[in-house]
Amino acid sequence: MPDRGSHRNVMFMKTQPLHVHLLPDLIPAETLAGGTAIVIDVLRASTTIATALNSGVASVIPCQSPEEAFALRAELSGENVLLGGERGGIRIEGFDRGNSPAEYTPEVVSGRTLVFTTTNGTRALQFSLEASSILTGGFINRAAVVRRLLRDEQPVHLVCAGTDRQVTGEDVLYAGCLVSGLQQADSAAVQWALNDSAQLALRLWQSVVDGASCMSAAIEEYLLTTQGGRNLIRIGCADDPRLCAQLDLTDIVPEYDRDSGRIMAPREC
Ligand code: MLT
């Protein structure tokens, strides 16, 4: 005999799409419209954006090329502009900062406008512009991102940036971490409908952290095995995977504002 209470819950349960896109290039046309996109570049752009905003950057202006960044600095002469970003992981010539979260301390960045360009992260944001809300996420703001997504009633799209148009494990791992967080927080009113990539991401996350005594250590260990992690070791940034593996350092959920072209820093309580 079915329990009448659970029968009632099923009747009112809302199905909410939760889709992972393993690369920006793999997002089917017109899929993101009306949804929330989370742009994910764990190593390192989305971690660095959250770190910079947490350190007091007034806003981040993402752009697609160093030339565009220099032009924006000239245009915004009334603002205290900081140029940040990388090509091939290395700070761009003439820029103030690279793409390591370690470079974005409050002493350096507080109150400034960060004009930011990276190889894959800002490109992924460009591919996400069709979504009605565009957020960025990393392990450092995982719980805040989950809380924010639980408030939304729209389809969720986790957009993995990848590296040079190849799928990267670190972004898929974080996507799986969000899928797991959303499922665990599942209220009686929502049932997440996962696409196959979301199921793959979830399996990856479970295989990395199941049985781990320290989650951040397990994440770091995995990040060091990915293409992005190996690139960072090669260019002398071996400490960055550890920084990017830290969990829940900030409640900031960076959100792109289409009108101003800026990423702002609302805190998620
Ligand atoms: C990117 O956007 O391509 C990455 O964040 C690269 C990097 O780690 O610097």
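Only the coordinates and a few stated rules stand behind these numbers; no lab work does. Please read all numbers here as calculations on a predicted model, not as lab measurements. Counting neighbours? That spans all protein chains shown, and the Cβs are built from the backbone with ideal geometry, glycine included.
Numbers for the structure displayed
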{"item": "Matching residues in segment 36-54 - criterion: being surrounded by 24 or more Cβ atoms within 10 Å (Cβ to Cβ) and either on the phi > 0 side of the Ramachandran plot or not in a helix (DSSP H, G or I) (or both)", "result": "Ala37, Ile38, Val39, Ile40, Asp41, Val42, Leu43, Arg44"}
{"item": "Candidate set from segment 238-269 (those that are among the hydroxyl-bearing types (Ser, Thr, Tyr) and crowded, with 19+ Cβ neighbours inside 10 Å); member that is nearest to the ligand (Cβ to nearest atom)", "result": "Tyr256"}
{"item": "Pairs with Cβ under 6 Å, 6+ apart, first in segment 123-134 and farther than 13 Å from Pro28 by Cα, second within 16 Å of the ligand (Cβ to nearest atom) and in a helix (DSSP H, G or I)", "result": "Ala124/Pro24"}
{"item": "Residue selected from segment 80-124 under the condition surrounded by fewer than 17 Cβ atoms within 10 Å (Cβ to Cβ) and part of a loop (DSSP other than H, G, I, E, B), by the criterion nearest to the ligand (Cβ to nearest atom)", "result": "Gly88"}
{"item": "Every residue from segment 24-35 that is of a type in the set (A, V, I, L, M) and in a loop (DSSP other than H, G, I, E, B)", "result": "Ile27, Ala29, Leu32, Ala33"}
{"item": "Residue under evaluation Glu68, criteria (1) charged (D, E, K, R); (2) closer than 26 Å to Leu223 by Cβ; (3) surrounded by fewer than 21 Cβ atoms within 10 Å (Cβ to Cβ), criterion not met", "result": "(2)"}
{"item": "Yes/no for Gly228 being touching a strand residue (DSSP E or B) at 6+ places or on another chain (Cβ under 7 Å) and under 19 Å from Gly169 (Cβ atoms)", "result": "yes"}
{"item": "Lone unmet requirement of (1) under 21 Å from Ser180 (Cα atoms); (2) within 12 Å of the ligand (Cβ to nearest atom); (3) not hydrophobic (A, V, I, L, M, F, W, C) for Asn141", "result": "(2)"}
{"item": "Residue that is at negative phi and in contact (Cβ under 8 Å) with a residue 60 or more places away in the chain, where the choices are Ala58, Ala33", "result": "Ala33"}
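Yes/no matrix, rows are residues, columns are (1) within 16 Å of the ligand (Cβ to nearest atom); (2) free of Cβ contacts under 8 Å to residues at least 60 places away in the same chain; (3) closer than 16 Å to Gly138 by Cα; (4) touching a strand residue (DSSP E or B) at 6+ places or on another chain (Cβ under 8 Å):
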site	(1), (2), (3), (4)
Gln154	no, no, no, yes
Leu158	no, no, yes, yes
Gly162	yes, no, yes, no
Glu170	yes, no, yes, no
Tyr174	yes, no, yes, yes
Gly181	no, yes, yes, no
Trp205	no, yes, yes, no
Gly236	yes, yes, no, no
